[in-house]
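One structure is given below, encoded as structure tokens.
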Amino acid sequence: MSTHRTFTMIKPDAVVNGHTGAILEKIAASGFKIVAMKYTQLSLRDAQEFYAIHKERPFFGELVAFMTRGPIVSAILEKENAVEDFRALIGATNPAEAAEGTIRKMFATNIAENAVHGSDSDENAAIEGAFHFSGREIY
Ligand code: ATP
Ligand code: MG
């Protein structure tokens, strides 16, 4: 995967609260092109593997339970400087600390249920995109 791509999920809180359309609109308006997208639900095993980096953290059980609770939208996004620009668009992990106008400020519930995921490096964007999509699902 090229370095101008990032991976995102619209998390179960934002989906169940009806924010999917507004979040996709904001992503598109910010210049990101959707190159892969699906509406799906993570299994327990999927979530444990996806978030394996956090398995020693005290919130790991809560995170896995939350991320498997309902459907998500996962997508690969393309734009120059995609990883950094998308992290700026979503805002801080804790919505109470997120800047005005960011997706988490607008749509997140709290630090745990924070509406969206964004990859934190080009390397992780490639790993996460490949975890969710096969080559022929990416356009
Ligand atoms: P993401 O990886 O989902 O884009 P992030 O990179 O901003 O979020 P991470 O530190 O990678 O934040 O944490 C992964 C996810 O774990 C957070 O998005 C949130 O859902 C959950 N999380 C992080 N910190 C806490 C916490 N203190 N309590 C509960 N859940 C947390
Ligand atoms: Mg992260």
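The values are calculated or read from the model by the stated rules, or taken from the named source; none is laboratory data. Note that the structure is predicted; figures quoted are calculated from it, not measured. Virtual Cβ from ideal backbone geometry, glycine too; neighbours counted across all protein chains shown. Areas reflect the complete protein model, heavy atoms only, side chains present, ligands, DNA and RNA absent. Shrake-Rupley method; radii C 1.70, N 1.55, O 1.52, S 1.80 Å.
Listing for the model above:
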quantity	calculated
Hey, Gly21 under 15 Å from Ala115 (Cα atoms) and either surrounded by fewer than 17 Cβ atoms within 10 Å (Cβ to Cβ) or in contact with a strand residue (DSSP E or B) (Cβ under 8 Å, 6 or more places away or on another chain) (or both) or not	yes
Pick from the range 44-64, criterion of a type outside the set (Phe, Trp, Tyr) and either on the phi > 0 side of the Ramachandran plot or more than 16 Å from the chain's Cα centre (by Cα) (or both), ranking: least open to solvent (accessible area, probe 1.4 Å)	Gly61
Hits in the range 65-84 - residues which are open to solvent by 20 Å² or more (accessible area, probe 1.4 Å) and within 16 Å of ligand 2 (Cβ to nearest atom)	Glu84
Residue ID - least open to solvent (accessible area, probe 1.4 Å), chosen from residues in the range 85-97 that are closer than 29 Å to Tyr139 by Cα and not aliphatic (A, V, I, L, M)	Phe86
Members of the range 98-135 found to be buried (at least 17 other Cβ atoms within 10 Å of the Cβ) and among the hydroxyl-bearing types (Ser, Thr, Tyr), listed by number	Thr102, Ser119
